[in-house]
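Below is one structure; the comments refer to it alone.
Laboratory data are not the source of any read-out in this text; all were calculated from the coordinates shown. Nothing here was measured: the structure is a model prediction, and the numbers come from that model. Cβ placement follows ideal geometry from the backbone for every residue including glycine, while neighbour counts extend to all protein chains displayed.
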Amino acid sequence: MIKNSEGIEIPLYIITEIKKNEGYLGQLDSLGDGDHGINMSKGMTIALKNILADGTHEMTAGFEYIKEALLEYVGGSMGPLYGMMFLGFIRASKGKEEINSFVMASMLNGTVSNIETITDARVGDKSLLDSLVPAAAAFSESIQVDQDFEKGLRAMAEASQRGLESTRNLKANIGRSVRLGDKTLGHLDAGAASCNIILNALSKSVIGIERGVWHATLSQ
């Protein structure tokens with residue numbers, strides 16, 4: 001487990017990784033508006049500014065700043081979708097002194113439930129859910145076997161990556177890309193990619209903090 005009050009490096013690392021991958025996400029969004037990387041990076045930059053101004057060390061508080069920035073500054077459908085993702089993280093961890101495997105399972109499952117309330121997309125439609133849903137399921141399944149937090153996080157990250165890769169062979173059934181039909185085949189989904197970046201950053205930072213060796217490097 002990790003202490004919520006000392007977990008600010010988790011949202012900070014998520015911010016760092018999204019900002020670092022701005023160009024990559026923009027390239028993946030070339031079939032759409034091409035602005036997914038720019039918009040996500042903009043939201044994360046604002047969240048970072050607010051976190052540093054506040055000086056909080058709490059993980060949940062950091063997620064609050066990310067949620068607010070994404071909802072306010074990321075346009076189109078992705079702002080609300082990612083706002084709901086981080087709201088799931090917030091609701092499950094708020095008031096919890098310790099973030100253990102059971103809290104993390106609630107965080108991940110909460111994000112899935114939240115997002116599914118505001119979109120008709122489901123796994124197989126070529127969206128961020130193709131990364132998120134299998135990741136949440138893999139974590140829950142892993143901790144039910146032996147309750148090993150680190151193994152669960154690694155299983156989550158691996159399932160997220162597989163989910164992202166699966167979008168290459170999917171035709172878009174949701175969003176603006178639907179109009180492109182078969183042209184979307186052979187391309188990774190930008191939303192699934194940004195979700196994968198977030199989940200990988202979550203896994204790496206929590207494992208690092210739990211081991212006592214993690215130090216986030218910020219790209220400000």
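Need the list of lysines near K19 for cross-linking: C-alpha distance under 24 angstrom, and skip anything on the same chain fewer than eight residues off.
Straight-distance partners of K19: K42, K49, K67, K126, K204.
What value, in deg cm²/dmol to 500, does the helix sum -39500 (n - 2.57) over DSSP H runs of n ≥ 4 give at 222 nm once divided by the residues of the chain? Before the final figure, lay out the partial values.
Values: 9 runs with 143 residues, N = 220.
Estimated from H runs of four or more residues: -21500 deg cm²/dmol.
Give the aspartates and glutamates whose C-alpha is closer than 14 Å to that of K171, dropping any in the same chain fewer than 8 places away, or say none.
List returned: D125, D130, D182, D189.
Given Cβ point charges of +1 (Lys, Arg) and -1 (Asp, Glu) and nothing else, what value in debye, to the nearest 20, does the dipole of region 2-211 about its Cα centre take?
380 debye
So if R0 is 25 Å, what FRET efficiency would E116 and L52 give, r being the distance between their Cβ atoms, rounded to the nearest 0.05? Intermediate results must be reported in sequence, preceding the final value.
Working: r = 33 Å, r/R0 = 1.32.
After rounding to 0.05, the efficiency reads 0.15.
Which order do the peptides 21-32, 134-145 come out in when sorted by mean C-beta neighbours inside 10 angstrom, highest first? List each step's numbers first, then the result.
Numbers: 21-32: 18.2, 134-145: 20.2.
By packing density, highest mean first, the sequence is 134-145, 21-32.
Under the Karplus relation 6.51 cos²θ - 1.76 cosθ + 1.60, θ = phi - 60°, what is the ordered set of whole-Hz ³J(HN,Hα) values for region 95-102, x standing for Gly and Pro?
x, 8, 6, 10, 9, 10, 5, 6
Please report, in whole Å, how far the alpha carbons of the chain spread along each principal axis, starting with the longest.
Cα extents, longest axis first: 47, 42, 29 Å.
Taking θ = phi - 60°, what integer Hz values does the Karplus form 6.51 cos²θ - 1.76 cosθ + 1.60 yield along region 141-158, in sequence order, with x for Gly and Pro?
Running phi through 6.51 cos²θ - 1.76 cosθ + 1.60 with θ = phi - 60° gives 5, 5, 6, 5, 6, 9, 6, 8, 4, 5, 4, x, 5, 5, 5, 4, 5, 5 Hz.
Please turn the phi angles of region 115-124 into ³J(HN,Hα) values with the Karplus equation 6.51 cos²θ - 1.76 cosθ + 1.60 (θ = phi - 60°), one per residue in order, whole Hz, x for glycine and proline.
Working through the residues one at a time gives 5, 5, 7, 10, 9, 8, 5, 9, 4, x Hz.
What do you get for the angle between helix 59-73 and the principal long axis of the chain? Use alpha-carbon atoms, 0 to 90 degrees, nearest ten.
30 degrees
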